[in-house]
Every structure is written in structure tokens, then in C-alpha cells.
Protein chains: 2
Amino acid sequence: MRGSAFFQRAFRTYREHPTFFKLLIVSTVSGGGLLTFSDASPFQGLITESSQNEGKKKKVVVLGTGWAGTSFLKNLKSSSYDVQVVSPNNFFAFTPLLPSVTNGTVEARSIVEPIRNIVKKKPYNVEFKEAECYEIDPVNKKIYCRSNQSSTLDGIEEFTDDYDVLILAMGARVNTFNTPGVEEHAHFLKEVGDAQRLRKSIIDCYERASLPSVSEEEKKRVMHFVVVGGGPTGVEYAAELHDLAFDDMAKLYPSAKDYLKITLLEAGDHILNMFDKRITTFATEKFQRDGIDVKTGSMVVKVSDKDISTKERKTGEIVSVPYGVVLWSTGIATRPVVRDFMNHIGQAKRRVLATDEWLRVEGCEDVYALGDCATINQRKVMEDIAAIFRKADKTNTGALDLKDFKEVVGHICERYPQVELYLQKNKLKSFDALLKNAQGDDKKQIDIETFKKALSEVDSQMKSLPPTAQVAAQQGEYLAKCFNRKELCEKNPEGPLRFRASGRHQFHPFRYRHFGQFAPLGGEQTAAQLPGDWVSIGHSAQWLWYSVYASKLVSWRTRMLVISDWSRKFIFGRDSSKI
Amino acid sequence: MRGSAFFQRAFRTYREHPTFFKLLIVSTVSGGGLLTFSDASPFQGLITESSQNEGKKKKVVVLGTGWAGTSFLKNLKSSSYDVQVVSPNNFFAFTPLLPSVTNGTVEARSIVEPIRNIVKKKPYNVEFKEAECYEIDPVNKKIYCRSNQSSTLDGIEEFTDDYDVLILAMGARVNTFNTPGVEEHAHFLKEVGDAQRLRKSIIDCYERASLPSVSEEEKKRVMHFVVVGGGPTGVEYAAELHDLAFDDMAKLYPSAKDYLKITLLEAGDHILNMFDKRITTFATEKFQRDGIDVKTGSMVVKVSDKDISTKERKTGEIVSVPYGVVLWSTGIATRPVVRDFMNHIGQAKRRVLATDEWLRVEGCEDVYALGDCATINQRKVMEDIAAIFRKADKTNTGALDLKDFKEVVGHICERYPQVELYLQKNKLKSFDALLKNAQGDDKKQIDIETFKKALSEVDSQMKSLPPTAQVAAQQGEYLAKCFNRKELCEKNPEGPLRFRASGRHQFHPFRYRHFGQFAPLGGEQTAAQLPGDWVSIGHSAQWLWYSVYASKLVSWRTRMLVISDWSRKFIFGRDSSKI
């Protein structure tokens, strides 16, 4: 997980809330001035709805305390809910810094914040339960949970809980693509514990390569570190590992240094394939200079305890190479509990849990899903094309002028964001231009067939959102704000027109705003891809990375700790103790 | 382990090296000014012996990287050795801060320093091997080792190594007194990993006590924290746990708070029984006010998974109480590998490995032992009384004047430190006074019988040294300095006269200097017992504790980190995340 929703604040001119603060603090930290942005919430003071509800408060159960769940909890401001949080971790972890934790650049404690701290001063009632939900019963509105305290406390505690509203924010598991041996032998990098284990394994390899009785061949094996997956996490980890090895470990383990090899395996054609080509090229060349072996078109087919086997796309050949540590960072898959839930609610055939554009789980009442555990199933224009036409055709004539569409264009564009993407892609100035193109010059009126023709290509622009921290955080914030304004919007719906029914949708649908993505490349260099195809590579992007990450940390505590960790690294280097 | 060798520097007027520096840095750290002492080594520049030895260098193997081993490595300055270090940990840990790590006051990484860093710039050749020595063969001068890297690397690596000189500094294991269930169910606090596990268990208990389905009785059980052993570690841990619970956790776990109970069990009559009575009383009263239940005369006879059983000395009754976490901190015992070694060298009947006053293992050539893994078997005056008399009686008359002793008195006092302790205890000004007392007023001459009579009580003052960090560090430093001056002292022995042989001992025997001991009592209060029965209790002693501990940290890195950790705690409180 990567990226940041920070730009969201820094650049947006949000329709409802045009004002926001940007607070620039230049804190000169030993080792270099560090730019820290902080932003006061643009929504503060706007929550004025009546919160002294009569009667029983609605019980909202939040499953998960990752980006989505925590963002929801942070932004929920209405006191008309009783909130229950169930998560196997009693903290939120700032996952984009996990590669740094692995290499000892940042302390694990610095990137976590106890959930109890986060919700301490919220106006709603809240209770946290450290447990894992293993079953959801949407019919009886119940969840089944299991505590995950250590076995020394004897006996797993099980309990059920009911909900009025359920929010699924449990994230995803690592996708092993059923590759044999991955679960058993590879490391992952999704949780704080993963990072700590990975760190110990790397140090173990260094120590083993320094033992006198170990053969040359074995030293070569244990010092071969393989990263599978050329996405931002894999690339960042490979880069951080390289820096750790050359900046710090080389001095302490002079004999092990000569055996070191870092390999990055990517099944596709390029590393960082979701980034601009300039970044891909820069990263590939930098890694080449650094001696990191980047192998593209190389798919892992098996991991044994000592060897990793790949199939080379070009030759079809299967190659087996000895390794010391494998990091598996290829993508995500649905968690078993979510999979079961999907079977219950008629989503058995889907790959990922689907929600509508308001993050409501399809086929199920009062359940929302956000973050990596779900995708938004964007409604197609073509499915509703007749209804849309009818809505515009108030007088039921069956043929419309351009101006007849004026009233609904805004609603169409909001309800079906693919329309706007299509206009952008085809460099059309407005919806009118789209209709005119289909209409031809001779006709004045548009009938349903012309309308269909005009919009027939639009749905091709539908894209599912990437499983990033940025998306999850925005979804959490969006949902919390809907919850905050529920009563208000029940009376005065603010969403687009309902095309297949009467009235308006209660809320605006969720709309993701992409504010850029980072790929740290080591050596204090980072690649940043910002909106509008703006690309920045190098040291300046690294400082931007520092600033953005510092500003997005969940609390002032973690912010200070991470900044002081970075300063420590600048001054003292990274630690090599096996803890 | 506790205490500090700091005072050693701050107060001593060492006979050989009368000058030393004391550098006082008042570093104002956010949250309060913190006094940090730093001291440049008084020995710098004094090591002038010829280090360009001809021929092969002696191979010195050091087992262990605790206080003793690390202190030896830090102080060894001669380049005439090849040093091999074998230890299961690739770092040195500042163990007196382990209770702070457990409660999240100090970060684990802040109290460790990689051994490779410590020895990096030393003038001697050095190699570190992360492994555990499981057998010592003193006949063939070989050690057998086993690597302890994680099993993911597949297969334990075994190797043997030979030595010219072996230094045992492996510390001790926890003494369970064979109490059933302790190994399985209790926590210890000897290693960094212990502290991390203990921390997780405490947080687990809080989380479990916050679950809805857990019964009242079970909540009471899991929130009962028991500390066994009223020594400084146990007392400090109980105090820190109390502070954690009331300063930080109470706010985050309001429902768990009411179930909290901390019990301190001590088999003896008082807690802190090696301290002054004033301290014991103060600590007991403070704990009473804090609600920590101190039970003296209560010996643990069994620990099951949920209950701890004690035998009350007064009543003989066996009481069983449910608990959530037990910390076992009662004392130390010999490690199995040292026990085997003792059997090999004819020390099978001893409880602890014995060395002479020069830290040489008895019954074995070229093996030294220091720190917790050995005790000094102080030679008795009465065993050598005839030889001492003969040495003084140069002319073999069988009767001596007081002045005849003049030449040997210094040597006697150095060789048998109990003599000085006896003089102090009986408020005798000098050795002469002791002899005069035995001699009676009428006689002028002292014969062997009078001499025996005079010294007959002296050996009662022999004391074995406590197993503290302070002792271990001083022994490591002492031995390193002997090694540094080996060639010099071979030519010009500097030790006391050999009474049972001719000539002088090569080196001065090891002499422990006690510079005080701390017992932190929580709430920013500490009890300090300083030399000369000077006792300080309260906030000022806490600041002394901060200063001394900061100054004794092994490197500037750890020093800065710990100070910044303390500042973090002052500002943000302790963290409650389960990591």
C-alpha cells in the first residue's frame, strides 16, 4: 500500500467546502531542514446537525483498523451513533513506512497509533475489541468474533455482536496465486509483525554468512535476497535493502558483502507498470547502476525452502535459483471471511466484494465496505440509457433538443463518472459536443437511438480503483461524512437524480481524487507521479516524500517520532542488531 | 542486573591513574533539563607497550556479549591479540533499562548496540560469530558452537574453534529453584526478547479484560499481575507497571482499570533486602500507598497456567491465586554449558564456577571467567598464615617486631582484602593496631601464634560479589587492562608479593569498587544507595538515575536515543500498541 491522500487537501477546491487551511511548518531537524505540511480539517465546524437524537442510537460496527477503518473513525463526528470497533490489531499502522521499519530506518512504534488514542476524544460512544471477526450473518445482523490474545492467557474467547450498520474495512490478504511454497517460505510486508520478521531474517542471513564453517556456496545462497513483484512496495523494499547493505552493513560485515545479491522479479514487462514510462525507465536504470538485478517477464512458479523457481516468458524455461530471503509483494486477494460473506449474499461468482458508488455492499442491507476488501461496481451508462433518456424527456416526446439535456447533464456526469473520463480522453469540451458528434449536422432532434450511439463507448472508460492507502483513506473519510450528515441529507438529499426512480440520491456518490503516487528508489531519491502527468524524480521528490508522509501520519506523536527516527538515521545510520 | 560502574569514574582516585576527566553536559531536553555526565577514559594514552609482537598473535576467544564481555572488548587496546567473539546475540543490551522497555518508556533499539559497531575501530583484529557455545574442551583448548539463526535458513550450523586464551562471559540463566511450572508459564526479564514478550502479554491482558464476553472472574484473573522477587529488578518492574497502568492505560482502558491488581511476592522478610533499611521502609510504604500488594515471607511453590501457589512462612499455609501475568525475577543459576565445564575441571561440587582474584578459572589454564557466570574464590588469610609470617620473618627468628611487618603490610592488605574490611568494621586505624590488640601490652615480639590469633577473625569478612552489571563491567575493564599491560607486567610485575612462592604477582588482583545502587520506585522517584551509607530517596535520586544511566550507555547513539525516548515519554506518554 502506498501513496497518500495528502494532495487531496493541498490541491482540492471541494465544491461544498471551498475553504481549507494549509499550515506550513518548517521544522529544522538535525541533519537537514524538513518541510512538514499539516492541514486542519476543512470540515471542522460544519457539523451542526442535531445530534441529540431521541431514542436508541444506531449501533455501527467497524471491522478493521487499517486505513479505511481508521479514516472513518477519525472523521466521524456525529454523536448519534454507538460505535464498536473490532480488529485483530489494537493500533493503526502507517503501512507506507513498513519498508523503512524493515530496514531500521524508522521504528515500528513510531508508525503505529493505538486505536483507543485515536477515538479517545470523539463525540460518539466507542468501544474497541481486540478480536478477529470470522463470520458475518447479514440476515440476523450479527458478527461472530474470536479474540486473538496470546495463548498464555489460555483459551480463545469467542463472542457474537449485533449491528445496525456494519462497516467492512478488513483489508485483504496477500495474493500468492496459489504458487506452491509461498505461504510457507516467503515473507510478506502487510503488517508491522511482517516487517519485524523480515528484518530479523535479513540480519540472520548476514550473521550466517559470517560464520567460519559455512561453505562459499551456502554464503552465496543466504546472501541472495529476492523481491517478487515490481510494484511500488517491491521496488521500495529492494531500494531500501540496497541502501541498508551498502550504507551500513558493508562496514560491519565486510566478509558478507561480496556475496550479496539483490534480485527483483516481475512477471510483467516493466517494473512500476502503473507509473509513467519515464519513472519506469529511470528506476530500471538506477537499479542497474546499483547492481540490483531486475528480471522482467519472470513468473515465480514455486518456492522451496532454499530455491525459488521462475518461468521465463521469453524462453518458457524454468530456472531455479538458491535464495536466502524472499519477499512476496505481488498483489492482494479476498480474505476468507469476506469470501464466505460474498457466498451468503449472492456475490459468489465475483472476484472481489462489490459495492455501489455509495460504498453500500450490493445485495445486502446496512453493510458498507471500503478499502482493499471491496471494489466499487460502477453502474454502466448503457444499462440505464433508456431511463436517462426518459428523465430528460419530460414531455415524453421521444425526441429532444440539446437544451432539453441541460437539466440532467450534471446529474449524468456525477452518477456516471466514466462520461467525464470519456470526454477528457476524446478532448471533447462538453456533453453537448458528444451529442452533436452522434447527431450529425443535419438533425436538430436527438432520439433514443442517437443517444445510445453517442454514449455507446463511454463505459469503456470505467476503471476500478487501485488498492492503495490513498483510496482507502478517502473512502473512510467519505463514508464518515455521509454518516455525519445523514439526518440533514435525509431531509434534503444532495446527490444526483435517480434515473430509474424518482427523487434524488441522498448523498453524492464516492469520487476518488488521485493526488499522486511515490516510488522511493533509494539513495535519497524518489519518483513521484503527480496529477496531470507531472513527474518528479530525484532528491527533491524525496523531500516531497518526507513532507507528505510526515504530514499524513495519524497523530502528532507519530509525526514527531518518525521525524526524529529519520534524523537518527541521518546521524547514526541504521541499526544492525537482531531485534 | 542493576547498578552502574559510573561512580567508579566519578569518585575514584585510582592509584595508578590519578587523572581523569569529568565532562558535564547539561543538555536541556524538552520536558526538563537532563544532566548528562560523560567521562573520557582515564586510561587513554597510557597504553604504550610494544604491540608489534613478533610471531603469531595470541587468539583470544570471548564467549558472551553482556556487560562483562562487552566491557572487556571496549577496554582492550592492545593489538597483540586476535580476538574472536562468540555470542547468541549480535548486540550488547543495556539490561538495567529492560523494565523500561517492557513498559514502552524506552525503545528496545535504543538500549542495544551492535557488537560489530563496538569493536569496529579497535586496534586488535576481531571477528564476531553469532552462535552459542555448547561445549568447552579445556584439554584441547577447543570450543564447540552452534549457530542460532532462524530455522528458515534451514539447518543448524555447527563449528569448532580453538583458543589460546578463553574468556567466559556468558552470564547466567534465571534460577527457578526447580519450582514446577515456572519455565512454562512465567516471564523472565533477562533479555531484550523477554521484555518484548512481557510487554505483549500485559497488553493482551488489558485487551482481554475489555472483551464483552469475558466473565467478571476472568477479568479479575487476567488483570492480576504478579512479580516474584523483591530485588531491585522486581521492585522496579512493579513500580513501572503501576505507572504504566495509572498514567497511561487507565485512560485508554477505563473498564479494565477496576480489575487491576499488582502483587509483589518476596520469600524473605523485606523487599530490597540488600539495601539500607530506610530504603526498604520507604519502598514498602510507597507501594502500600500506590496499592501494590507487597507480600513478604511468601514463597512460590507452583505456577500453573492460571494459578500461582505460595507457601506462607508464618502460617505454613499454601495459597493459590489466579493470575494473568507472572514475572519471575528471583536470582540466577549456572548455565548448563558452564556446569559441564565445571565437571570437566574438577569444580563439580561447587555451586558457581570459581576463579581466583585475577579472574583465572581455578583448575584450568588460560581460561578467565567474569560477570554472572563465575564468582571469585577469595583466598583465606588463615590458609596462608604461616607463609605470610615467614615472608615477614626475613631473618628466620620466629618472632618479629611491629616494624618488621611494615614491608609486607601493604601486600597483605592487597592480597587479602578482607583484612581491610575487618579493620574498618572494628574501627582499627591500621594493621599495627590489630597486631597490638593480639599482642597484649607486655610483649614486644610477635610470634606465629599471636599472629594467627590476631588474624583469626579476619576471614569472616569475606563476601562474594553481587551478580550485578556494575561488577561485570568492572571485571571486564580490569581484565582488558591486564591484557593491555601483559608484556609490560611480565617484565615488571606490579602485583603484591607472592607469599607462598617467590617474587610478585604479575598484576594487582581485581578489586571491586561499589559505587552505589539504584531502585526506581515509580512516580519519578528512585532510591539510591551510595557508598558511605549515603542514601537518597525521591525525585532528586530519579534525576541522578537518569544522569547516571544516560552516561553509562555504551555509545553516543544509544545515549541520544534513550534521552530522546525519555523526552517522548514525558511529552506523549507510553504507547499501548501491541508491538
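The values are calculated or read from the model by the stated rules, or taken from the named source; none is laboratory data. Since the structure is predicted, the reported quantities are computational estimates derived from the model, not experimental observations. Here the Cβ is made from the backbone with ideal geometry for all residues, glycine too, and neighbour counts use every protein chain on show. Side chains included, ligands, DNA and RNA excluded: accessible areas come from the protein's heavy atoms. Shrake-Rupley method; radii C 1.70, N 1.55, O 1.52, S 1.80 Å.
Residue count for region B:552-563 satisfying the condition of being crowded, with 21+ Cβ neighbours inside 10 Å and among the polar types (S, T, N, Q): 1. When we screen A:E132, A:E107, A:E127 for residues that are open to solvent by 10 Å² or more (accessible area, probe 1.4 Å), closer than 30 Å to A:G234 by Cα and at pLDDT 90 or above, the only hit is A:E132. Of all the numbered requirements in (1) closer than 18 Å to B:E477 by Cβ; (2) modelled with pLDDT of 85 or more; (3) part of a strand (DSSP E or B); (4) open to solvent by 10 Å² or more (accessible area, probe 1.4 Å), B:D82 misses one, and that requirement is (1).
So which residues in region B:567-578 are open to solvent by less than 20 Å² (accessible area, probe 1.4 Å) and facing chain A (nearest Cβ under 8 Å)?
Keep residues of region B:567-578 that are open to solvent by less than 20 Å² (accessible area, probe 1.4 Å), which gives B:567, B:575-577.
Listed by number, the residues that qualify are B:D575, B:S576, B:S577.
Tell me yes or no: at least one residue of region B:113-120 is touching a residue at least 60 places away in the same chain (Cβ under 8 Å), farther than 25 Å from B:P336 by Cβ, more than 8 Å from chain A (Cβ to nearest Cβ) and open to solvent by 10 Å² or more (accessible area, probe 1.4 Å). Within region B:113-120 (the criterion being touching a residue at least 60 places away in the same chain (Cβ under 8 Å), farther than 25 Å from B:P336 by Cβ, more than 8 Å from chain A (Cβ to nearest Cβ) and open to solvent by 10 Å² or more (accessible area, probe 1.4 Å)), the answer is yes, since at least one residue qualifies. Would you confirm, using the coordinates I've provided, whether B:R173 is within 12 Å of chain A (Cβ to nearest Cβ) and open to solvent by 10 Å² or more (accessible area, probe 1.4 Å)? So B:R173 does not fit the description; no. Which helices (runs of 4 or more DSSP H) does region A:199-291 wholly contain that include 1 or more residues that are open to solvent by 60 Å² or more (accessible area, probe 1.4 Å) and out of contact with any His (no Cβ under 7 Å at 6 or more places or on another chain)? Per the criteria, A:216-222, A:254-257, A:277-290. Hey, any hits in region B:176-191 for a residue that's in contact (Cβ under 8 Å) with a residue 12 or more places away in the chain, hydrophobic (A, V, I, L, M, F, W, C) and farther than 26 Å from B:N103 by Cβ? So far as region B:176-191 goes, yes, one or more of its residues are in contact (Cβ under 8 Å) with a residue 12 or more places away in the chain, hydrophobic (A, V, I, L, M, F, W, C) and farther than 26 Å from B:N103 by Cβ. Looking at this structure, is B:V101 under 18 Å from A:S210 (Cα atoms) and either assigned to a loop (DSSP other than H, G, I, E, B) or within 13 Å of chain A (Cβ to nearest Cβ) (or both)? No; evaluated as a whole, the condition is false for this residue. Of all residues in region A:139-152, those that are touching a strand residue (DSSP E or B) at 6+ places or on another chain (Cβ under 6 Å) and more than 7 Å from chain B (Cβ to nearest Cβ) total 7. Residues considered: A:D243, A:D248. Of these, the only one that is within 14 Å of chain B (Cβ to nearest Cβ), on the phi < 0 side of the Ramachandran plot and in contact with an Asp or Glu (Cβ under 9 Å, 6 or more places away or on another chain) is A:D248. Only a single item in (1) within 30 Å of A:I332 (Cβ to Cβ); (2) surrounded by fewer than 18 Cβ atoms within 10 Å (Cβ to Cβ) is not met by A:P467, and it is number (2).
Would you pick out the residues in region B:543-566 that are among the small types (G, A, S) and more than 9 Å from chain A (Cβ to nearest Cβ)?
At the first step, the residues of region B:543-566 found to be among the small types (G, A, S) are B:547, B:550-551, B:555, B:564.
Within region B:543-566, B:S547, B:A550, B:S551 qualify.
Here B:V182 passes the criteria (1) within 30 Å of A:Y206 (Cα to Cα); (2) open to solvent by less than 30 Å² (accessible area, probe 1.4 Å); (3) not polar (S, T, N, Q) except the one numbered (1).
Identify, from the list B:N175, B:N140, B:N90, the residue that is more than 30 Å from A:I308 (Cβ to Cβ), within 22 Å of the chain's Cα centre (by Cα) and not hydrophobic (A, V, I, L, M, F, W, C). Going through B:N175, B:N140, B:N90 in turn, just one is more than 30 Å from A:I308 (Cβ to Cβ), within 22 Å of the chain's Cα centre (by Cα) and not hydrophobic (A, V, I, L, M, F, W, C): B:N175. Out of region A:210-227, which residues are at the interface with chain B (Cβ under 10 Å from one of its Cβ atoms) and among the aliphatic types (A, V, I, L, M)? A:L211, A:V214, A:V222, listed by residue number. For region B:393-426, a residue qualifies if it is farther than 24 Å from B:K444 by Cβ and open to solvent by 70 Å² or more (accessible area, probe 1.4 Å), and the qualifying residues are B:E420, B:L421, B:Q424, B:K425. When A:L73 is tested against the conditions (1) within 14 Å of another protein chain (Cβ to nearest Cβ); (2) under 21 Å from the mean Cα position of the chain (by Cα); (3) not in a strand (DSSP E or B), the lone failure is (1).
Among the residues of region A:490-500, are any part of a helix (DSSP H, G or I) and modelled with pLDDT of 85 or more? Yes, the conditions are met somewhere in region A:490-500. If you scan region A:503-527, which residues turn out to be open to solvent by 20 Å² or more (accessible area, probe 1.4 Å) and closer than 17 Å to A:E236 by Cα? Hits for region A:503-527 are A:Q517, A:G523, A:E524, A:Q525. Has region A:450-464 got any residue that is without any contact (Cβ under 8 Å) to a residue 40 or more places away in the chain and not in a helix (DSSP H, G or I)? Yes, region A:450-464 has at least one match.
So which residues in region B:322-338 are out of contact with any Leu (no Cβ under 8 Å at 6 or more places or on another chain) and surrounded by 16 or more Cβ atoms within 10 Å (Cβ to Cβ)?
Start the filter on region B:322-338 by keeping residues that are out of contact with any Leu (no Cβ under 8 Å at 6 or more places or on another chain), which leaves B:322-323, B:326, B:328, B:330-333, B:335-337.
Matches in region B:322-338: B:Y323, B:V326, B:W328, B:T330, B:I332, B:A333, B:R335, B:V337.
Could you check how many residues of region A:414-449 are over 22 Å from A:I376 (Cα atoms), assigned to a helix (DSSP H, G or I) and of a type in the set (A, V, I, L, M, F, W, C)? Total meeting the criteria: 6.
Condition check for B:G538 on (1) over 22 Å from B:A68 (Cα atoms); (2) in contact with a helix residue (DSSP H, G or I) (Cβ under 7 Å, 6 or more places away or on another chain): one failure, at (2).
Here region B:528-551 is the region considered, the condition is being under 18 Å from the mean Cα position of the chain (by Cα) and closer than 19 Å to B:T284 by Cα, and the residue that is most open to solvent (accessible area, probe 1.4 Å) is B:Q529.
Here A:G268, A:G230, A:G234 are screened, and the one residue that is under 27 Å from A:P336 (Cβ atoms) and either away from every other protein chain (no Cβ under 14 Å) or at pLDDT 90 or above (or both) is A:G234.
Would you confirm whether any residue within region B:466-483 is more than 31 Å from the chain's Cα centre (by Cα) and closer than 21 Å to B:P509 by Cα?
Quick first cut of region B:466-483, residues more than 31 Å from the chain's Cα centre (by Cα) only: none.
No, the conditions are met nowhere in region B:466-483.
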